[in-house]
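Working notes, structure below.
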Amino acid sequence: MSHQFKGFDPDLMLFLTELSQNNNRQWFEENKTRYRERIQIPMSHFIMAFAPRLEKISPCFVADPRLQGGSMFRIYRDARFSHNKTPYKTNVGCQFRHDAGKNVHAPGFYFHIEPGEIFVGGGIYKPDSEALFKIRTAIAEKSSKWQNIVYEKEFVSRFGEIYGESLKTSPKGFSAQHPCIEHLKKKTWFVTQALNEEDLYSPDLIHKVETVFNAAGPLMQFLTNALDLPYI
């Protein structure tokens, strides 16, 4: 139940700040118990507490509180193909993915915590070519519905624009004169709303995240249905 989550400890943000200054294995091993107690376990409690609320938004998205392999993002970076060889992420968060998706490229609701950048939102990140084509086709063929969602007054007031990396030119098979061409060019569709650091330390965080996810619901339903997946 949501009352079991009391908010995160302020040491969460201090830990991440110190990690950014000491991003090495020795420091992390010395502070691993602190990481588990101040970040991993509280995040697991948040996910567990949020699960019944997520089910009301959409029963098709998964809240998995496991410390490893669940909704929580790993702290360890994959530096194999990166110039940045630091071993740890300096942010924490979780993703509630559609139960048909097995990775971060599936539609999902997100929660991101980093010093100076805390946000919640939803969308789809760099889907594969087949999913990309399906979403673009849905936007092109149901442009009125798409525009009613993304240009709705309260939606714009809360989220601003849909963001995500875009092509420089029109995607193959889609007209450059289409009224939604700027959205058709995108390779990622995502909306976010910022939270204050003080929100993290309050049990009301659960409600704030739920409010944002509900507001992102029409976009999430459109993207999910475009992939021939259920939403409700």
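The values are calculated or read from the model by the stated rules, or taken from the named source; none is laboratory data. Quick caveat: nothing in here was measured; it's all calculated off a predicted structure. Cβ atoms come from the backbone with ideal geometry, glycine included; neighbour counts cover every protein chain shown.
Against the test of being closer than 22 Å to Y201 by Cβ and of a type outside the set (D, E, K, R), the options G93, G101, G70 yield a single qualifying residue, G93. Answer with yes or no whether S170 is in contact with a Cys (Cβ under 8 Å, 6 or more places away or on another chain) and more than 30 Å from P10 (Cα to Cα). In short, no.
Selection over segment 87-137 of residues that are at pLDDT 95 or above, among the β-branched types (V, I, T) and over 22 Å from C180 (Cβ atoms) gives a count of 5. Note on segment 1-39: residues that are loosely packed, with under 14 Cβ neighbours inside 10 Å, at pLDDT 95 or above and hydrophobic (A, V, I, L, M, F, W, C) total 1. On the stretch given as segment 54-68, residues that are surrounded by 13 or more Cβ atoms within 10 Å (Cβ to Cβ) and closer than 15 Å to G108 by Cα total 9. Residues that are touching a residue at least 40 places away in the same chain (Cβ under 8 Å): list the helices (runs of 4 or more DSSP H) wholly contained in segment 1-110 that include at least 2 such residues. Where helices (runs of 4 or more DSSP H) fall fully within segment 1-110 and carry at least 2 residues being touching a residue at least 40 places away in the same chain (Cβ under 8 Å), they are 11-21, 25-30, 41-57. Residue pairs whose Cβ atoms lie under 7 Å apart, sitting 6 or more positions apart in sequence or on different chains, and linking a residue in segment 116-134 that is over 17 Å from L205 (Cα atoms) to a partner that is at pLDDT 95 or above and among the aromatic types (F, W, Y), are G123/W189; G123/F190; I124/W189; Y125/F190.
Does segment 192-207 include one or more residues that are of a type in the set (V, I, T), surrounded by 15 or more Cβ atoms within 10 Å (Cβ to Cβ), out of contact with any Leu (no Cβ under 8 Å at 6 or more places or on another chain) and over 20 Å from I113 (Cα atoms)? No: segment 192-207 contains no residue that is of a type in the set (V, I, T), surrounded by 15 or more Cβ atoms within 10 Å (Cβ to Cβ), out of contact with any Leu (no Cβ under 8 Å at 6 or more places or on another chain) and over 20 Å from I113 (Cα atoms). Contact map, segment 157-179: residues that are without any contact (Cβ under 8 Å) to a residue 60 or more places away in the chain paired with residues that are among the basic types (K, R) and part of a loop (DSSP other than H, G, I, E, B), Cβ distance under 7 Å, separation 6+ or inter-chain. Pairs shown: G164/K187; E165/K187; S166/K185; S166/K187; L167/K185; L167/K187; S170/K185; P171/K185.
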